[in-house]
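Enquirer: Supplied in structure tokens, the structure appears directly below.
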Amino acid sequence: MPITSLAPTATPSDGQSHRWSSLPGVSAAAALYTKVIDQERFALVITHNAAESQEWLEALKFFSANDDQFCLLDLPDREVLPYDYFSPHPDIISARLNTLYHLQRQSCGICVVSLPTLMTRLCPKEYINRDSLLLSIGQQLETKALRNQLDDAGYQNRDTVFEHGEYAVRGSLLDIFPMGSEWPYRIDLFDDEISSLRTFDPENQRSLEKIDQIAILPAAEVSLDKQAINHFRDQWHVEFNHNAGACPIYQDVVAGIPYSGIESYLPMFYPSTSTLLDFLPSNSLVVSMPGNHQQASDFINNVNERYEQHSIDPTRPLMTPAKLYLEVDEYFSLLMGFPRIALSSDTENASSNPQRGQYTCDAQMNPQLLIEDHAGNALNRVESFLSSPQRGKQTAKHVLFCVESLGRREIFIDKLKAISVDAHACDSWQDFKHIISSQKEPQTAVAVAAFNHGATIPSANISIIAEPELFGVTIKPKARNNKERNLLADQTIHNLIELQIGSPIVHLDHGVGRYLGLEHMPVDGGNGIIIDAEFLTLEYAGGDRLYVPVTSLHMIGRYMGGDESSAPLNKLGSENWGNAKRKAIANIHDVAAELLDIYARRKAMQGFAFAVDKESYNAFCEQFPFEETADQLTTIRAVTTDMEKETAMDRLVCGDVGFGKT
């Protein structure tokens, strides 16, 4: 391997710390990857933040592509602030549980985590292992017992499975979207035996590929089985002096309802908690960046500030920061037992003293290669670099340019051809190694890798140059793909805060009523348990009242019919609302027919088709300094597509001030 010599040969033992300096940009990931592969061991990389974690992940994905021996994991941040009122997105919980489950079973690889995430206390390792389930073809399976196990593990029973943490039973078929899985699974039972396992597409519910085995992880980091709820109930009276009856979280948890923001009470559900360090394979290396101590102190100070700000609500008592997060001294004390490596990109003040565990690595920052768009020869710096005398026969220097996408790769290869440089298109780091090992002359190649900072490694005669070093535009992390949401979202009420006393609202089945507020009523929770539940009170014509559980918010929506003060109220039990809905549907058909006629005539009109210079347009897009939202991307594609058509354009872009229309 051409970069094997980049990492020092010495390795710290338990409790020792080494320092590797002169590792700018991507060279740090390259050095650690070679070390891990050479010694067949595991390493934990602690970054400062999520952006730095993403940079490491992209670099490690590139170097380890097609390497079956190597396992790359990351523990993503929950993406909610300390003591927030929200729980993480199900996809984030899925990724976190997947890492916690598989991390214990690895021997060679790297896990990347940000320091704030590492300082957060986690559910115990025993919970992850106890509530995980392996299913395979031919296995005996009792549906009722499995449903009970899934309920205890936090899975939600649905009519149709769309998201992580959901399952549905339809006769002999059981659909489930396990945490940590890319696809949901369809389990086909013959009597009590699993006859087939398939993945399926949650969008169209069609079965896809046959598989032999699946792993079902817990649906949440907080267990809501009977044992956990009993432990929570006991701990509540130890932790707090507040009246439990006045605290919604206590009422919800005791009823088995997952409270939004329940992660802020995680330690109350278990006899003890763990940290990510407890999940690491034995003899793991711990790798950190400069400034860790200051960042740890800043993070805990921020947590303490949020605790002071949010602990004033008597209906939502909070656990102290020390119960949810590691103290700074405790954090560094736990790290002391591991073999540790501190990485530094500093090349000027680097010093080597092996007896003190200090090593200088052979890597340098790349020269200035920024492309000047408005210059006569925009690639002048790149051309000078590629034709420099350093690329002579005795000191052959291979250059690998890394760009963000396949399209960018083809564009840049064409740009290099314009300056008489023939570049190889590489699919992976291994592909590039094969090219340079089979050629005596200096080679230039272009690969796809989304990191921001490259490096030059003189001992390996390789320069790795990232796209931002050429174009000056930082590669932005890809936003998580959100599933399509309801197109009537503007009419949907998502939170009780949106409701005002006296406002008219629409119930899907009963029509227009007026909101009078919330009322508490005792309801039968089963097994002789009486639960104090909340209901929305809606008043209809004649003073009739309807009580809607707060869990059925999806059944009500905003009144959109004009002046709210004069909104006509429907009468409960009458046919008025049903007749109004049928009449509205008939009117919709009439309007649709009229619109079809209008659009047919408009479609026949001749418009002007704009010609698009793809290269110039792509260059223009690259100058946009922000990451486009999903709605912006949809709008951009729709407008540009309309402009290229020969038919008349009919589109209006709408949005509030400051929401990115321009």
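Enquirer: Which count do you get for residues in the range 210-236 that are without any contact (Cβ under 8 Å) to a residue 60 or more places away in the chain, touching a Ser or Thr at 6+ places or on another chain (Cβ under 7 Å) and more than 26 Å from His89 (Cβ to Cβ)?
Expert: 1
Enquirer: Now, a different point. Which count do you get for residues in the range 153-201 that are more than 25 Å from Glu221 (Cα to Cα) and charged (D, E, K, R)? Lay out the reasoning, then the answer.
Expert: Quick first cut of the range 153-201, residues more than 25 Å from Glu221 (Cα to Cα) only: 170-173, 188-198, 200-201.
Among the residues that remain, those that are also charged (D, E, K, R) are: 170, 188, 191-193, 198, 201.
Of the residues in the range 153-201, 7 are more than 25 Å from Glu221 (Cα to Cα) and charged (D, E, K, R).
Enquirer: Then there's this: Looking at the range 165-176, is at least one residue at positive phi and surrounded by 19 or more Cβ atoms within 10 Å (Cβ to Cβ)?
Expert: Taking the range 165-176 as the starting set, the residues that turn out to be at positive phi are 165, 171.
Right, trim to surrounded by 19 or more Cβ atoms within 10 Å (Cβ to Cβ) and you get 165.
Yes - at least one qualifying residue is present in the range 165-176.
Enquirer: Another question about this same structure. Residues Phe200, Phe177: which one is closer than 22 Å to Asn157 by Cβ, of a type outside the set (D, E, K, R) and touching an Asp or Glu at 6+ places or on another chain (Cβ under 6 Å)? Explain how you work it out, then say what you get.
Expert: On the way: Phe200 fails: touching an Asp or Glu at 6+ places or on another chain (Cβ under 6 Å).
Going through Phe200, Phe177 in turn, the sole match is Phe177.
Enquirer: Continuing with the same structure: Filter the range 504-532 down to residues that are at pLDDT 80 or above, assigned to a loop (DSSP other than H, G, I, E, B) and not hydrophobic (A, V, I, L, M, F, W, C) and give me whichever is surrounded by the most Cβ atoms within 10 Å (Cβ to Cβ).
Expert: The residue in question is His510.
Enquirer: Right, something else. Does the range 79-88 contain at least one residue that is open to solvent by 50 Å² or more (accessible area, probe 1.4 Å), within 30 Å of Ile312 (Cα to Cα), at pLDDT 90 or above and of a type in the set (Asp, Glu)? First the steps, then the outcome.
Expert: So the first thing to find is which residues in the range 79-88 are open to solvent by 50 Å² or more (accessible area, probe 1.4 Å), and the list is 79, 81, 85-86.
When the remaining residues are screened for being within 30 Å of Ile312 (Cα to Cα), the result is 79, 81, 85-86.
Applying the additional criterion that residues be at pLDDT 90 or above yields 81.
Adding the requirement that they be of a type in the set (Asp, Glu) leaves none.
The answer is no, given that none of the residues of the range 79-88 is open to solvent by 50 Å² or more (accessible area, probe 1.4 Å), within 30 Å of Ile312 (Cα to Cα), at pLDDT 90 or above and of a type in the set (Asp, Glu).
Enquirer: Where residues in the range 533-552 are outside any helix (DSSP H, G or I) and open to solvent by less than 40 Å² (accessible area, probe 1.4 Å), which of them is nearest to Ser503 (Cα to Cα)?
Expert: From the range 533-552, those outside any helix (DSSP H, G or I) are 533-540, 544-549; that's our starting set.
Within this subset, residues satisfying the condition of being open to solvent by less than 40 Å² (accessible area, probe 1.4 Å) are 533, 535-538, 540, 546, 548.
Values: Ala533: 22, Phe535: 16, Leu536: 12, Thr537: 12, Leu538: 10, Tyr540: 12, Leu546: 15, Val548: 15 Å.
Among them, the one singled out is Leu538.
Enquirer: Going through the range 557-586 one residue at a time, which ones are touching a Pro at 6+ places or on another chain (Cβ under 6 Å) and of a type in the set (Phe, Trp, Tyr)?
Expert: Hit for the range 557-586 is Tyr559, nothing else.
One line per residue, one yes/no per condition, for (1) part of a loop (DSSP other than H, G, I, E, B); (2) open to solvent by 20 Å² or more (accessible area, probe 1.4 Å); (3) touching a residue at least 24 places away in the same chain (Cβ under 8 Å):
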{"residue": "Leu266", "(1), (2), (3)": "no, no, yes"}
{"residue": "Asn283", "(1), (2), (3)": "yes, yes, yes"}
{"residue": "Gln295", "(1), (2), (3)": "no, yes, yes"}
{"residue": "Arg306", "(1), (2), (3)": "no, yes, yes"}
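Enquirer: In the set Pro354, Pro321, Pro314, which member is open to solvent by less than 50 Å² (accessible area, probe 1.4 Å), in contact (Cβ under 8 Å) with a residue 24 or more places away in the chain and of a type outside the set (A, V, I, L, M, F, W, C)?
Expert: Values: Pro354 fails: open to solvent by less than 50 Å² (accessible area, probe 1.4 Å); Pro314 fails: open to solvent by less than 50 Å² (accessible area, probe 1.4 Å).
From the options Pro354, Pro321, Pro314, the qualifying one is Pro321.
Enquirer: Among the residues of the range 105-124, what is the count of those that are over 15 Å from the mean Cα position of the chain (by Cα) and either crowded, with 21+ Cβ neighbours inside 10 Å or modelled with pLDDT of 90 or more (or both)?
Expert: Selection size over the range 105-124: 13.
Enquirer: Would you pick out the residues in the range 449-474 that are touching a Ser or Thr at 6+ places or on another chain (Cβ under 6 Å), of a type in the set (A, V, I, L, M) and open to solvent by 10 Å² or more (accessible area, probe 1.4 Å)?
Expert: The answer is none; no residue qualifies.
Enquirer: Which condition breaks for Glu209 when tested against (1) open to solvent by 30 Å² or more (accessible area, probe 1.4 Å); (2) within 24 Å of the chain's Cα centre (by Cα)?
Expert: Failed condition: (2).
Enquirer: Residues in the range 125-149 that are among the aliphatic types (A, V, I, L, M), in a helix (DSSP H, G or I), more than 20 Å from His89 (Cβ to Cβ) and open to solvent by less than 40 Å² (accessible area, probe 1.4 Å): how many?
Expert: Within the range 125-149, the first condition is being among the aliphatic types (A, V, I, L, M), and the residues that meet it are 128, 133-135, 137, 141, 145-146.
Narrowing further to those that are in a helix (DSSP H, G or I): 128, 145-146.
If we keep only those that are more than 20 Å from His89 (Cβ to Cβ) as well, we get 145-146.
When the remaining residues are screened for being open to solvent by less than 40 Å² (accessible area, probe 1.4 Å), the result is 146.
Matching residues across the range 125-149 total 1.
The values are calculated or read from the model by the stated rules, or taken from the named source; none is laboratory data. Being a predicted model, the structure only gives us computed values, none of them experimental. Positions of Cβ are generated from backbone atoms using ideal geometry, with glycine treated the same way; all protein chains shown enter the neighbour counts. We work out accessible area using only protein heavy atoms, side chains counted, and drop any ligands, DNA or RNA first. Shrake-Rupley method; radii C 1.70, N 1.55, O 1.52, S 1.80 Å.
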